[in-house]
Amino acid sequence: APAVAVAPGALRPFAEVIKDANRSDGVLTVWQKDDKVWLELKPSDLDTPFFLSPKLKSGIGERGFYGGSMEDSGIVEFRRIYNQVQLVWSNIGYVAKAGTPEARAIEAGYSPSLLASAPVLSLPEPERKSVLVEANTLFLADLLGFGMDLQRSYRQGYAFDPRNSAITKVRATPDIVVLDVLGHYATASISVPQPNTPPGAPQPSAPRSLPDPRSLFLNIHYSLARLPAEPMHGRKADPRVGYFESGRFDFSDDLARTPRQRFVNRWRLEKKDPAAALSEPVRPIVYWIDRTVPLKYRATITAGVLEWNKAFEKIGFKDAIEVKVQPDDADWDTLDFGRASIRWMTNASPTFGAIGPSHVDPRSGEILDADIGIESLSSRNIRAARSQVLASSSLDNPFGDAGMTADQRRLLAEGRFCDYDQ
């Protein structure tokens, strides 16, 4: 058939846009051809909440830009305005019961935020009525504001460089859509500290871990997923106990003392047999040992995680937690949304020892994902302190080892002896 002439600015037929592209079906249908990636959006995908779970897959090892760390998550929607699709970060911190005058007041009172936008590229697909938008336009941008964070951290003119950035990997499954974005951040020059600057005034610095501080790559791992169809029943937080919490303002009842609601962040555990004193969960909490964890530590980490099952038994759950090891040849990543993990982090300097962040359903406090990071240098420094610092305490003992008891010598050898009061 002869080619159909398309007027400038007119939408092209769906099949023409994705000709020769590979299709992946999942939460969203994704099409890919070479470096181009398209999202197929059905009418039911528009104005529908999705959970956006971003992770920093690779970083620079300093100032908080750590590979394997979780970034701020949130609920997003694809919103079509004429022939433009906006990726909008929903403002779920202020709510009221749906369909009420109070809900209309909330809608009028609080704004969402725009993350990115892209033009509609196709006419509706004849059967599915879906349209295409280019994922490159949506995600090859500084969605998380890393450029601003780099500027604040180093007081340099870093900015996102889209020309040298790319979507490097796309995966679609029934649960999630994953896009890996290799983001390039750069500055044309490096500022240096100026003389005669008043004490305490901020001064520019530069990353020490880079071969050239003018250029760096941050690999961002984005997961898009459906929210739980039925939110978990939230448990109110008690200010007398130190919980990790989620909060919002609910204006449904104007007679309540305060609209502020605070929920405990917790996993959804439900008994297979609600009547049993001790029951396995419907869905256990599964932690994956990431393939970055050194082999010699995996058994110990596994035993430490499983030790928590004793605590869960006291509230009626048997084998609440499971531990699995990611195969070296796995075609998936433990950073995928919904796959809790424990990973090894090799930062340029010891910072936190270990961290346990999580991504939470803000509607209920349900923990949906968690990626624990264990920092290698902190463990190394503890061993160094034991061998280089604590062991030297015997030199400060005027009586030497001969003046110590057998128990003191044993504790010293184990790095647990303190002779501060000697």
Worksheet item: For segment 49-70, how many residues meet the condition of being open to solvent by less than 30 Å² (accessible area, probe 1.4 Å) and either free of Cβ contacts under 8 Å to residues at least 60 places away in the same chain or on the phi > 0 side of the Ramachandran plot (or both)?
Response: 2
Worksheet item: Here are some conditions: (1) without any contact (Cβ under 8 Å) to a residue 60 or more places away in the chain; (2) in a strand (DSSP E or B); (3) among the small types (G, A, S). A225 meets all but one. Which one does it not meet?
Response: (1)
Discussion item. Testing D396 on (1) open to solvent by 40 Å² or more (accessible area, probe 1.4 Å); (2) modelled with pLDDT of 90 or more, one condition comes back false. Which one is that?
Written reply: (2)
Item to complete: Restrict the check to segment 260-274 and report whether at least one residue is of a type in the set (A, V, I, L, M) and either loosely packed, with under 11 Cβ neighbours inside 10 Å or on the phi > 0 side of the Ramachandran plot (or both).
Response: no
Discussion item. N196 - would you say it is under 30 Å from E40 (Cβ atoms) and either within 20 Å of the chain's Cα centre (by Cα) or in a loop (DSSP other than H, G, I, E, B) (or both)?
Written reply: no
Worksheet, complete the sentence: Of the residues in segment 173-190 that are outside any strand (DSSP E or B) and under 23 Å from L150 (Cα atoms), the one that is least open to solvent (accessible area, probe 1.4 Å) is T187
Item to complete: Counting only residues that are open to solvent by 40 Å² or more (accessible area, probe 1.4 Å), give me the strands (runs of 3 or more DSSP E) lying completely in segment 89-172 with at least 3 of them.
Response: 113-119, 159-172
Worksheet, complete the sentence: Of the residues in segment 21-45, those that are among the aliphatic types (A, V, I, L, M) and either within 27 Å of S358 (Cα to Cα) or open to solvent by less than 10 Å² (accessible area, probe 1.4 Å) (or both) come to V27, L28, V30, V37, L39, L41
Response to the item:
Cβ pairs under 7 Å, 6+ apart or interchain, first in segment 257-283 and of a type in the set (F, W, Y), second open to solvent by 90 Å² or more (accessible area, probe 1.4 Å), ordered by first then second residue, are F263/R235; F263/K236
Practice prompt. State all residues of segment 230-257 that are open to solvent by 50 Å² or more (accessible area, probe 1.4 Å), more than 27 Å from G99 (Cα to Cα) and over 26 Å from the mean Cα position of the chain (by Cα); if no residue qualifies, say none.
Written response: P239, R240
Worksheet, complete the sentence: From the option list V17, V76, single residue qualifying as open to solvent by less than 10 Å² (accessible area, probe 1.4 Å), among the β-branched types (V, I, T) and out of contact with any Pro (no Cβ under 6 Å at 6 or more places or on another chain) is V76
Worksheet item: Does L144 fit the bill of being in contact with a helix residue (DSSP H, G or I) (Cβ under 6 Å, 6 or more places away or on another chain) and closer than 30 Å to W332 by Cβ?
Response: no
Worksheet, complete the sentence: For segment 53-88, the count of residues that are polar (S, T, N, Q) and part of a loop (DSSP other than H, G, I, E, B) equals 2
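The values are calculated or read from the model by the stated rules, or taken from the named source; none is laboratory data. No experiment lies behind these values; they were computed from the predicted model shown. Cβ coordinates were reconstructed from backbone atoms using ideal geometry, including for glycine residues, and neighbour counts include every protein chain displayed. Surface areas here come from the heavy atoms of the whole protein model, side chains and all, with no ligands, DNA or RNA. Shrake-Rupley method; radii C 1.70, N 1.55, O 1.52, S 1.80 Å.
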